[in-house]
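Just below is one structure, and these are the notes that go with it.
The values are calculated or read from the model by the stated rules, or taken from the named source; none is laboratory data. Here the structure is a predicted model, which is why all the values come from computation and not from measurement. Quick reminder, even Gly has a Cβ in these numbers, built from the backbone with ideal geometry, and neighbours come from all protein chains shown. Areas reflect the complete protein model, heavy atoms only, side chains present, ligands, DNA and RNA absent. Shrake-Rupley method; radii C 1.70, N 1.55, O 1.52, S 1.80 Å.
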Amino acid sequence: MTPKSLVRLLPVGAVALTTAAAVATSAVAAEKWDMPAGYSAKNFITKSYIAFAEAVTGNSGGKLTIVVHPAGSLYKASKILRAVRSGQVPIGARYMGAHSKEDPIFGVDTVPFLATDAAEAWKLYQVSKPALEAALEKRGMKLLFTAVWPPQGLFTKKPINTIADMKGVKFRAYDATTAKLARLMGAIPTKTEATEIGQAFSTGIAESMIASGAIGVFRKMWDYTKYFYEVNAWLPKSAVVVNKAAWDKLDGKTKQVVLAEAAKTEKAVWEAMKPTNDFYKKTMAKNGMEVVEPSAELQSQFKKIGQVLGSDWAKAAGANGQKLIEAYRK
């Protein structure tokens with residue numbers, strides 16, 4: 001019998017043909033893939049995962065059903081990559097920068113002030129993609145597509161015209177790179193997780209941070225800060241990856257469907273980033289925040305910090321990392 005979900009996707013005249021064909025395809029075992037994701041279903045990136053899953057489910061003729069489990073409901077965000085790698089789930093979506101300690105290539109897009117707009121972020125992705133794919137392959141995983149997050153801006157309680165204005169400011173740091181960024185600015189790094197942002201700012205533990213407009217809206221940063229400087233520190237990516245053994249079980253046609261929908265989704269979600277970011281900025285301004293361009297001096301000083309942190313990343317990544325940075329900067 002033709003699944004009802006598939007019938008709804010077909011024109012009326014095709015139903016009889018599909019029902020007849022069901023006998024021929026029933027010998028092929030249908031696969032169901034549960035796909036954990038760390039962020040809310042309301043987030044534009046999670047919405048792209050859901051659209052991808054629905055397209056694959058609909059276009060694979062019932063051979064592969066993908067079900068997205070958002071907001072860490074199946075696995076906590078920090079556990080997703082390991083779950084895919086171990087085969088606990090066949091597919092998952094994860095913010096890759098969080099795994100840069102495991103392999104520096106996972107965090108190349110989070111090197112501050114290396115890629116500072118969508119075009120640069122895409123170029124960096126294309127240059128680094130072979131190395132990213134190789135690192136995942138080594139761990140028994142395959143890259144399907146990436147989704148880019150909005151540019152990271154500087155949230156502060158007071159106006160910042162030059163780096164000197166950051167001296168002594170308590171700066172939210174959540175990894176080694178942001179801690180070093182704080183020190184290079186003359187700020188004081190304070191370790192704060194994303195779930196603790198509101199508490200940290202309301203109690204004075206943090207006075208500034210670099211984060212996207214998405215965080216500004218979802219955490220209602222207008223309750224804690226006054227300024228959002230569009231310094232565009234970096235544009236991080238999340239990746240949808242699949243367990244290699246699960247991938248190898250699919251037949252050729254189903255693989256083609258998955259790859260085609262992955263390519264479409266990647267293009268769509270990268271294009272959706274800018275209007276989404278514009279919405280975030282308008283929402284922050286509407287709620288009383290000043291959304292401003294940084295001074296030329298401040299942006300220049302941040303670029304110099306980026307040179308230092310880019311060199312540090314290249315050293316950690318070895319000879320291949322140095323070649324990657326050189327290829328990107330050309």
(message) Using helices alone, I'd like the mean residue ellipticity at 222 nm for the chain: each DSSP H run of four-plus residues gives -39500 (n - 2.57), total over residue count, nearest 500.
(response) -15000 deg cm²/dmol
(request) Quote the FRET efficiency, to the nearest 0.05, computed for residue 191 versus residue 282 with a Förster distance R0 of 41 Å and r equal to the Cβ-Cβ distance. (result) 0.85
(request) Pull out a ≥ b ≥ c, the square roots of the eigenvalues of the alpha-carbon gyration tensor of segment 228-330, then state rounded if a/c is under 1.5, prolate if not and a/b is larger than b/c, and oblate in the remaining case. (result) oblate
(message) Can you give the longest run of the chain that contains no GluC sites (Glu not before Pro) sitting in a DSSP loop with at most 16 other Cβ atoms inside 10 Å?
(response) 194-330
(request) Step through the residues of segment 201-207 one at a time and calculate ³J(HN,Hα) from phi using the Karplus curve (6.51 cos²θ - 1.76 cosθ + 1.60, θ = phi - 60°), rounding each to whole Hz and writing x for Gly and Pro. (result) 6, 6, 9, x, 5, 10, 10
(request) Quick one: which residues, 5 or more positions from residue 206 or on another chain, have an amide H under 5 Å from its amide H? H modelled 1.01 Å from N in the peptide plane, none for Pro or chain starts. (result) 201
(message) What value in Å³ per residue do you get for the convex hull of the alpha-carbon atoms in segment 273-330?
(response) 129
(request) With the full set of protein chains in place, find how many percent of the accessible area of the chain is carbon and sulfur; take the probe as 1.4 Å. (result) 56
(message) Let me check I've understood the local charge: for residue 70, count other residues with C-beta under 10 angstrom from its C-beta, Lys and Arg +1, Asp and Glu -1. What total comes out?
(response) +2
(request) Report the label-to-label distance for residue 133 and residue 175 in nanometres (one decimal), using points 7 Å from each Cα along the Cα→Cβ vector. (result) 2.3
(request) Give the percent of DSSP beta bridges with both residues in the chain that are antiparallel, rounded to the nearest 5. (result) 60
(message) Once each part is reduced to its C-alpha centroid, what is the distance from segment 155-175 to segment 92-145 in angstrom?
(response) 27
(message) Just to be sure I follow: if Rg is taken over the C-alpha atoms of the chain and Rh is the Kirkwood radius over the same atoms, what is Rg/Rh?
(response) 1.03
(request) Would you mind calculating the gained length between residue 202 and residue 297 on full extension (0.36 nm times residue separation, minus the Cα-Cα distance), in nm to one decimal? (result) 31.2 nm
(request) Only loop residues by DSSP count here, and only those with at most 14 other Cβ atoms within 10 Å; note down the chymotrypsin sites (Phe, Trp or Tyr not before Pro) in segment 125-220 that meet that. (result) none
